[in-house]
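*Asks:* This is the structure, below, for whatever I ask next.
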C-alpha cells in the first residue's frame with residue numbers, strides 16, 4: 001500500500017524506484033483521487049488505485065484480488081509449461097492434461113532439463129552432468145534406464161515422448 005502524500009518521499013517516487021521486474025503488488029491508497037493522479041499511478045506500475053475515503057469492504061476485496069493475481073503469477077514463474085505438460089518446480093509436480101504423473105526426483109529433473117531444451121537434441125554427456133551430477137562413463141546405462149522409465153510413464157499421452165538420437169542424445173517431442 002502506498003500513499004502519494006508521504007512525509008519523506010512521495011508514493012509515486014517509491015513506485016518509480018521499484019524494479020520493473022518486481023513481482024511486489026502495489027495498491028495506491030490516497031486522497032488524491034483525480035483522474036490524472038489515477039492514470040499516473042497506474043502507468044507507473046500500481047496494480048490498483050483507490051481514492052480515500054473508501055469502503056473498508058471494497059478495500060479488502062481489492063487487496064484480495066491483487067494478492068490472488070500475484071499468487072497466480074508466482075506459480076507461473078516457478079512452473080514450466082508446454083502445451084499439455086506442466087512442471088511445477090517448487091512442489092516438484094508433473095502434470096499432463098491436468099493428470100498428475102508419479103515420477104521420481106531424477107525423472108522430474110530429467111524432464112525439466114529436456115523441456116528447457118525442447119525440440120533440441122540434448123547430449124547424454126550434458127544430461128549426465130546436469131541431472132545425475134556426474135561424468136558419463138563408457139558403460140554407464142543409468143541415464144538410459146531413467147529415460148526408459150520416464151518414457152513408459154509418458155507413453156499414455158504421446159506415442160514417442162522422448163526420441164533417442166543415435167550417437168547424439170535425446171530429444172523431447174511431447
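*Asks:* How large is the helix-only mean residue ellipticity at 222 nm for the chain, computed as the sum of -39500 (n - 2.57) over DSSP H runs with n ≥ 4, divided by its residue count, in deg cm²/dmol to the nearest 500?
*Replies:* Calculated from helices alone, the mean residue ellipticity at 222 nm is -12000 deg cm²/dmol.
*Asks:* If you don't mind, another one. Return the percentage of antiparallel bridges among DSSP beta bridges fully within the chain, rounded to the nearest 5 %.
*Replies:* Just about 75 percent of them are antiparallel.
*Asks:* At a 10 Å Cβ-Cβ cut-off, how would you order 114, 42, fewest neighbours first?
*Replies:* Fewest to most other Cβ atoms nearby, the residues stand as 42, 114.
*Asks:* Could you put 130, 104 in order, starting from the residue whose Cβ has the fewest other Cβ atoms within 10 Å?
*Replies:* Starting with the residue having the fewest Cβ neighbours, the order is 104, 130.
*Asks:* Follow-up. Points 7 angstrom from Cα along the Cβ direction at residue 163 and residue 142: gap in nanometres?
*Replies:* 2.9
*Asks:* Can you sort 157, 108 by how many other beta carbons sit within 10 Å, fewest first?
*Replies:* 157, 108
*Asks:* OK, next. Label-point separation (nm) for residue 51 and residue 134, each offset 7 Å from Cα along Cα-to-Cβ?
*Replies:* My value for the distance between the label points is 6.8 nm.
No lab work stands behind these numbers, since they all come straight from the coordinates. All values reported here derive from a predicted model rather than from experimental measurement. Cβ coordinates were reconstructed from backbone atoms using ideal geometry, including for glycine residues, and neighbour counts include every protein chain displayed.
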